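Heads up: the structure comes next, in C-alpha cells.
The values are calculated or read from the model by the stated rules, or taken from the named source; none is laboratory data. Here the structure is a predicted model, which is why all the values come from computation and not from measurement. So basically every Cβ, Gly included, is an ideal-geometry build from the backbone, and we count neighbours across all protein chains shown. The accessibility values were calculated without ligands, DNA or RNA, using every heavy atom of the protein model including side chains. Shrake-Rupley method; radii C 1.70, N 1.55, O 1.52, S 1.80 Å.
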Amino acid sequence: MNTSLSRRLFALGLMLAAAALTTAPAFARTVTDSAGRAVEIPDTISRVFAAGPPASTLLYVLAPEKMIGWVRAPREAEKPYLTASVRDLPELGRLTGRGDTLNLERLVAAKPDIVIDFGTINDTYRSLANRVQQQAGIPYLLIDGRFENTAEAIRLLADVLGVKGRGEALASATDAILRQVDDVIARVPASDRPRVYLARGTEGLESGSRGSINTEIIERVGATNVVEGLREKGGLVNVSAEQIIAFAPDTIITLDRSFAQTVAGKPAWQPVPAVREKRVFLAPSLPFGFVDVPPSVNRLIGLTWLLHILYPDKAPGDLKEQVRSFYKLFYQVDLDDAALARVLDGAG
Amino acid sequence: MRSAAVLPALAAALIGVAIIASGIGPYPIPPQDVVAALARRVVGAVNPAPIDTVLFQIRLPRVLAAALVGAALSAAGAAYQSLFRNPLVSPDILGVSTGAGLGAVLGILLGLPVAAIQFLGFGGGLATVLIVAALARALRGGGDILVLVLAGIVVGALAGAAISLVKVLADPYEQLPAITFWLLGSLAGVKPADVAATLPVVVIGLAPLVLLRWRIGVLSLGDDEARALGVEVTRLRAIVIAAATLVTASVVAISGVIGWVGLMVPHMARLLVGPRFDRMLPASILIGAAFMMAVDTLARSGARIEIPLGVLTAVIGGPLFVWLLARGRRRALP
C-alpha cells in the first residue's frame, strides 16, 4: 500500500508542476515566419523590437504604437516627417546585420514581446535568430526583405501584430504602385530605357552593381544599371571616373547633396552625358531614403519618384499628390506645401 | 648583370611602362590619340575633347600618382631595411601607415570632405612617428634601435585597435564600405590637385635619402663601424626616419594603405644590383614606380570595377618575388 500511495503522490506532484508551468507565459499562437520557422508568440503583442533599420521602417509603417525604440535615433531634420508618437523614442542599437552594437542583456531589459528582423533569409540569419531566441527567451521572427516580397511581408507582419486592417490597406497600396510601374514600363520600348548610374559618396565613385540591393528599385523601374558587377547578385563597388565616362550613363541618381551640387563643376565628369544634359537627380531622404538606404518599404515611393523623372511623359498622375498621399497612408504625416517641397528637393 | 648598365636600363623600362600604362584603361584611347592629345596640350588648344579630359584629368594623374606611391614606399622600405639592418622591415615598422589609416578613417567617420580626410591621413602618419620617436627617446635616450622598433609596434598596435573601433562605430550602410575600401588602398579617386600636392613633398622627402645614400649604406655595418668611418649615426638615423616618414605619409594620404610594396621591392632591387645601398636605392625607386604603375593599370582595367591595390600587390608581388628568389639565389642578401 505504501508504493501505491507514493505513486499517487508522485502523480499529484507531476500534475501540480505541469499546472504551474502552463500558467506562466501566455504563448498562445504559433506563426511561421519567412524562414519557415515555427515561432510561438504571445496573444497580444504591444512591444516590438526591430533588429535593424529595414525592420524598424516596416514596423513604423504598420504599427508605430508598438515600437519601443529605433535602431538609430532619427535626426532633427527627419523628425517632422515622422508621426509624433515615435519622434523621441530611444535609440536601442542594431541586433544583426553588418555590425552588432546591442548587448543581449539590453535586449531583455527592453522587455519586448517579440523581435522582428526584415532582410536576407539564409542559414546564418536563421541560426542567429534561433540563438537569440534561446538565450533571451524572446520570440524572434525573420521576414523576407526582398523587394518583390514587400506586400507579402506587410501582410505577414500585420497578421502577427494583429493589425490586419492596416496591413491590407498598405499591401493593396503596394500592389497598386507596382502595377503602375509595370504599366508604364510596358509602354516603353527597350531602346528607350534609360541608362542610370547610382552615385554614392561625396566623390560619386561608389555605386551598386547590377542586382545589388542598393540599385534594386532603379532596375525595377526598367532602367539599365550601367555598372556591371562580377557576380549576378551585385553589391557595393568602387569605380573610377574613367570607367563612368566609358559607361556613359544618361541619368545619374545621387544620394549625396554636395555631389549633386558640385558635379557640374568637376572637369573629370564633363564628358559624362548625364552631367552635360543636367540629368543629375538628388534622391529625397526625409524621413527615409527614396532609393537606397534603408532597403525597406520606404522605397515604394522611390518607385513613383523614379517613374516621374525617368519617364516624365508616361508617368501617370501628379508626383506631389502621390507623395502626399503616400506619406499620409504609410508614414501617417500630413505634408503641407513647404514640407513637400523640402522633401522633393532632397533636403536633409 | 653589369651594374653600370642596370640603372639606365631600369629608367628606360620605367618610361616604357609609363607610356604603356597611359594607354590602358576602361576608356579606350588608342596610342595615336594619346600622341595627338599630348600635341594638342603642348600647343595649348582650348576645346577639350572627351579624350583630353580622360587623359589629363583622370588617367595621367593616376599614372603619375602610382609612380609616386611606388617610388616613395620602395625608397622608405629600402632605407628602413638598411637602417634597422633587417630584411623583413617594411615602411610601416614605426606605424606611419597605420597612423595615417587612423587619421583618414576618423575623417570618413566624421563625414569630412576628401581633402580633409587626406590631410588627416597625412597628419596621422606624421603624428604617429613623432609619438614613437618621443617614446623611444624617453625610454632609452635614443641610442637603441630595438626600443624604437618596440615603440613602433606598440603605437602601431594602438592605432590598429583604434581603427577597428572606428569600424565598429561607423554606419554599416554608408561609411563602413568607404572605410574598408580606403584601408585596402586605391587610386581611383586621384585628381590632378592631389598629385600637385604630393609630388613636391615626395621629392623633398626623397632628396636626403638619395643624396646621403652612401652614408646610409654604411649604417648597415653596425653603429660602431659606422662611427669609426665618420658617420654621425644618431643624426643620420633621425634624418632617414624623418624623410621616410614624410614620403610614406604623403602617399598613403592619397592612396590609402598599400602593403607589401615597401617590403618586397627593395629585395627585388637587391637581387638585381646587389646589396650596396647607394646602388640599391635608385634601383628600388625605379622598380617601385614601374611596379606600382603596372599594378594600378591592372586595378583599373582588370575588371569592370576597381580592384583594391593592396590586394593586387600581394597577389602579384608574392609569386613574382618567389620567382626572383628562385632565379637569383646566388645574389647576396644582407
Exercise. Could you tell me which residue of the range B:46-91 is farthest from the other protein chains (Cβ to nearest Cβ), considering only residues that are assigned to a loop (DSSP other than H, G, I, E, B) and touching a residue at least 12 places away in the same chain (Cβ under 8 Å)?
Key: B:85
Practice problem: Please give the number of the condition residue A:72 fails out of (1) open to solvent by 20 Å² or more (accessible area, probe 1.4 Å); (2) under 26 Å from residue A:338 (Cα atoms); (3) within 14 Å of another protein chain (Cβ to nearest Cβ). | Solution: (2)
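How about the range A:166-192: which of its residues are open to solvent by less than 40 Å² (accessible area, probe 1.4 Å) and outside any helix (DSSP H, G or I)? Show your work before the answer.
Step one: list which residues in the range A:166-192 are open to solvent by less than 40 Å² (accessible area, probe 1.4 Å), which gives A:167, A:170-171, A:173-174, A:177-178, A:181, A:184-185, A:188.
The answer is A:188, and nothing else.
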Quiz prompt | In the range A:34-68, residue most open to solvent (accessible area, probe 1.4 Å) [restricted to those that are within 17 Å of the chain's Cα centre (by Cα) and more than 21 Å from residue A:106 (Cβ to Cβ)] | solution = A:34
Practice problem: Would you point out which residue out of B:281, B:271, B:309 is more than 13 Å from the chain's Cα centre (by Cα) and at pLDDT 90 or above? | Solution: B:281
Exercise. Could you look through the range A:305-321, keep only residues that are open to solvent by less than 40 Å² (accessible area, probe 1.4 Å) and out of contact with any strand residue (DSSP E or B) (no Cβ under 7 Å at 6 or more places or on another chain), and pick out the one that is farthest from residue A:86 (Cα to Cα)?
Key: A:311
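In the list A:230, A:198, which residue meets the criterion of being surrounded by 23 or more Cβ atoms within 10 Å (Cβ to Cβ) and either part of a strand (DSSP E or B) or of a type in the set (A, V, I, L, M) (or both)?
On the way: A:230 fails: surrounded by 23 or more Cβ atoms within 10 Å (Cβ to Cβ).
Only one candidate qualifies: A:198.
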Quiz item: Is there a residue in the range A:125-133 that is crowded, with 21+ Cβ neighbours inside 10 Å, within 24 Å of residue A:171 (Cα to Cα) and either at pLDDT 90 or above or not β-branched (Val, Ile, Thr) (or both)?
Solution: no
Quiz item: residue B:290 fails exactly one of the following numbered conditions: (1) more than 30 Å from residue A:207 (Cβ to Cβ); (2) not in a helix (DSSP H, G or I). What is the number of that condition?
Solution: (2)
Self-check item: Single residue of the range B:23-36 satisfying the filter (within 13 Å of chain A (Cβ to nearest Cβ) and farther than 14 Å from residue B:190 by Cβ) that is least open to solvent (accessible area, probe 1.4 Å)
Solution: B:29
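Kindly indicate the residue of the range B:134-149 that is touching a residue at least 12 places away in the same chain (Cβ under 8 Å) and part of a helix (DSSP H, G or I) and also nearest to residue B:88 (Cα to Cα) among those meeting that condition.
Step one: list which residues in the range B:134-149 are touching a residue at least 12 places away in the same chain (Cβ under 8 Å), which gives B:135-136, B:139, B:142-143, B:145, B:148-149.
Narrowing further to those that are part of a helix (DSSP H, G or I): B:135-136, B:139, B:145, B:148-149.
Details: B:135: 23, B:136: 21, B:139: 25, B:145: 15, B:148: 16, B:149: 12 Å.
Among those that are touching a residue at least 12 places away in the same chain (Cβ under 8 Å) and part of a helix (DSSP H, G or I), it is B:149.
If you go through the range A:90-111 one residue at a time, do you hit one that is closer than 28 Å to residue A:339 by Cβ, in contact (Cβ under 8 Å) with a residue 24 or more places away in the chain and under 20 Å from the mean Cα position of the chain (by Cα)? Quick ask: steps written out before the conclusion?
Kept after step one, since they are closer than 28 Å to residue A:339 by Cβ, are these residues of the range A:90-111: A:90-92.
Subset that is in contact (Cβ under 8 Å) with a residue 24 or more places away in the chain: A:92.
Then keep just the ones that are under 20 Å from the mean Cα position of the chain (by Cα); that gives A:92.
Looking for residues that are closer than 28 Å to residue A:339 by Cβ, in contact (Cβ under 8 Å) with a residue 24 or more places away in the chain and under 20 Å from the mean Cα position of the chain (by Cα), one finds at least one in the range A:90-111, hence yes.
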Quiz item: Does any residue of the range B:133-140 turn out to be open to solvent by 20 Å² or more (accessible area, probe 1.4 Å), touching a helix residue (DSSP H, G or I) at 6+ places or on another chain (Cβ under 7 Å) and closer than 15 Å to residue B:101 by Cα?
Solution: no
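Looking at B:226, B:193, B:242, B:207, can you tell me which residue is surrounded by fewer than 22 Cβ atoms within 10 Å (Cβ to Cβ), more than 30 Å from residue B:318 (Cβ to Cβ), within 14 Å of chain A (Cβ to nearest Cβ) and aliphatic (A, V, I, L, M)?
None of the others qualify; the one that does is B:193.
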Self-check item: Tally, over the range A:240-256, of residues that are farther than 13 Å from residue A:274 by Cβ, more than 8 Å from chain B (Cβ to nearest Cβ) and surrounded by 23 or more Cβ atoms within 10 Å (Cβ to Cβ)
Solution: 1
